[in-house]
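What follows is a single structure, written as structure tokens, with notes after it.
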Amino acid sequence: MIELIANIDVDDLSAALAFYVDGLGLTVRRRFGDFGVELSGASSSVFLLVKPAGTTPAPGSAPRDYRRHWTPVHLDFVVDDVDAAAARAVRAGARLEGEVRTHRWGRIAHLADPFGHGVCLIQFLNRGYDEVADP
């Protein structure tokens, strides 16, 4: 099995901790000085890495921009009560992007974290994704 680690670039570690700890319920596992924190409480470790806006992650890549941006990769957090979790996340700095939607498989809230990263909160209903999966 391959271990999955999620790395999230942020430009303000205090704001990131407020959102991911207070807003989503993750806990601090280890600190790496002023430049990072490892969080636990999800099925994979989540690392918050301090990277100033305007810096580039690789030669020739676009500079980091912490306004709302789109990327084809985002994090989904499975919760027991999507309405309560979305309200908690918004109080911690997230922006709810539309209404909570209900599907056969469950309910979903689309959010942007305080750094412009897309985050979804999912509450499974019935058989979850098995409601729509091919047999």
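The values are calculated or read from the model by the stated rules, or taken from the named source; none is laboratory data. Quantities reported herein were computed from a predicted structural model and do not represent experimental measurements. Positions of Cβ are generated from backbone atoms using ideal geometry, with glycine treated the same way; all protein chains shown enter the neighbour counts. Side chains included, ligands, DNA and RNA excluded: accessible areas come from the protein's heavy atoms. Shrake-Rupley method; radii C 1.70, N 1.55, O 1.52, S 1.80 Å.
Would you work out the charge dipole size for the range 83-135 about its Cα centre, treating the Cβ of every Lys and Arg as +1 and the Cβ of every Asp and Glu as -1, and quote it to the nearest 20 debye?
Magnitude of the dipole: close to 200 debye.
Would you mind computing, in nm to one decimal, how far apart the modelled labels at ARG127 and ASP65 are, each placed 7 Å from Cα along Cα→Cβ?
Computed distance between label sites ARG127 and ASP65 equals 4.4 nm.
Got a sec to turn the phi values of the range 87-98 into Karplus ³J(HN,Hα) couplings, 6.51 cos²θ - 1.76 cosθ + 1.60 with θ = phi - 60°, whole Hz, x for Gly and Pro?
For the range 87-98, the Karplus-derived couplings read 4, 5, 5, 5, 4, 8, x, 6, 10, 6, 10, x Hz, x marking Gly and Pro.
When each pair of different Cα atoms in the range 66-135 is counted once in the 1/r mean, what is the Kirkwood radius in angstroms, to one decimal?
Hydrodynamic radius (Kirkwood, Cα pairs) of the range 66-135 is 12.6 Å.
Going by accessible area, probe 1.4 Å, with all protein chains left in place, what is the ranking of ASP113, ASP34, ASP130, largest first?
On the way: ASP113 5, ASP34 135, ASP130 95 Å².
I get ASP34, ASP130, ASP113, largest accessible area first.
What are the residues whose amide H is under 5 Å from the amide H of SER45, where those residues sit 5 or more places off or on another chain and H is modelled from the backbone?
ALA6
Evaluated at 37 °C with a viscosity of 0.692 mPa s, what Stokes-Einstein diffusion coefficient in µm²/s does the chain have when Rh comes from the Kirkwood expression over alpha-carbon pairs?
Values: Rh = 15.9 Å.
So the translational diffusion coefficient is about 207 µm²/s.
Measure off, as a whole percent, the carbon and sulfur share of the 1.4 Å-probe accessible area of the chain, all protein chains present.
54 percent
Of all the C-alpha pairs in the range 1-56, what % are more than 14 Å from each other?
So the portion of pairs separated by more than 14 Å is 51 percent.
Which of LEU96, VAL73, SER14 sits farthest toward the positive end of the charge dipole of the chain, with +1 on the Cβ of Lys and Arg and -1 on the Cβ of Asp and Glu?
Most positive-ward Cα: SER14.
Could you size up the charge dipole of the chain around its Cα centre, putting +1 on the beta carbon of Lys and Arg and -1 on that of Asp and Glu, and report it in debye to the nearest 20?
Numbers: 14 positive and 18 negative charges, 43 e Å.
Here the chain has a charge dipole of around 200 debye.
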